[in-house]
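Reviewing the structure listed below.
The values are calculated or read from the model by the stated rules, or taken from the named source; none is laboratory data. The structure displayed is predicted, hence computed values, not measured ones. Reconstructed Cβ throughout: ideal geometry from the backbone, glycine too, with neighbour counts over all protein chains shown.
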């Protein structure tokens, strides 16, 4: 599993898309967080929702990301070698990505390394 993190416009998604063309599954953490917002609090501003969620449970969003990553990792395992691995991309979740990467003994690539 590969985790790519860094600020906006450093090439994270470009690298993830390149890997996706080579049988990796790309997972964007921002997409997961925005989907969770739409599911749980569509009538609350995104900023207000994230602020409230982080006050209540600092790891809630990391858990949401981890759940999706685990689903995708299972897809890779069941693919009989057709899928290479999972690439997780995020710019605001470095702490969470680093913690999740340790669980998977994976690589974290920061934007400054791309």
For this session: Read through the list (1) under 19 Å from residue 2 (Cβ atoms); (2) modelled with pLDDT of 85 or more, then give the number of the only condition that residue 92 fails.
Result: (2)
Exercise. If we scan region 48-61, do we find a residue that is in a helix (DSSP H, G or I), modelled with pLDDT under 95, surrounded by fewer than 18 Cβ atoms within 10 Å (Cβ to Cβ) and in contact with a strand residue (DSSP E or B) (Cβ under 7 Å, 6 or more places away or on another chain)?
Worked result: no
Seminar exercise, completed: Considering residues that are over 14 Å from the mean Cα position of the chain (by Cα), in a helix (DSSP H, G or I) and under 18 Å from residue 76 (Cβ atoms), the number found within region 21-46 is 0
Problem set entry | Scan of region 19-39 for residues that are exposed (fewer than 15 other Cβ atoms within 10 Å of the Cβ) and either without any contact (Cβ under 8 Å) to a residue 24 or more places away in the chain or over 17 Å from residue 1 (Cα atoms) (or both), ordered by number | 21, 30, 31, 34, 35, 38, 39
Exercise. Part of a strand (DSSP E or B), surrounded by 14 or more Cβ atoms within 10 Å (Cβ to Cβ), touching a strand residue (DSSP E or B) at 6+ places or on another chain (Cβ under 9 Å) and touching a residue at least 40 places away in the same chain (Cβ under 8 Å): does that describe residue 16?
Worked result: no
Seminar exercise, completed: Residue count, region 62-84, condition touching a residue at least 60 places away in the same chain (Cβ under 8 Å) and in a loop (DSSP other than H, G, I, E, B), comes to 2
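Scan region 74-89 residue by residue and report those that are surrounded by fewer than 19 Cβ atoms within 10 Å (Cβ to Cβ) and touching a strand residue (DSSP E or B) at 6+ places or on another chain (Cβ under 8 Å).
Correct list: 75, 76, 83, 85.
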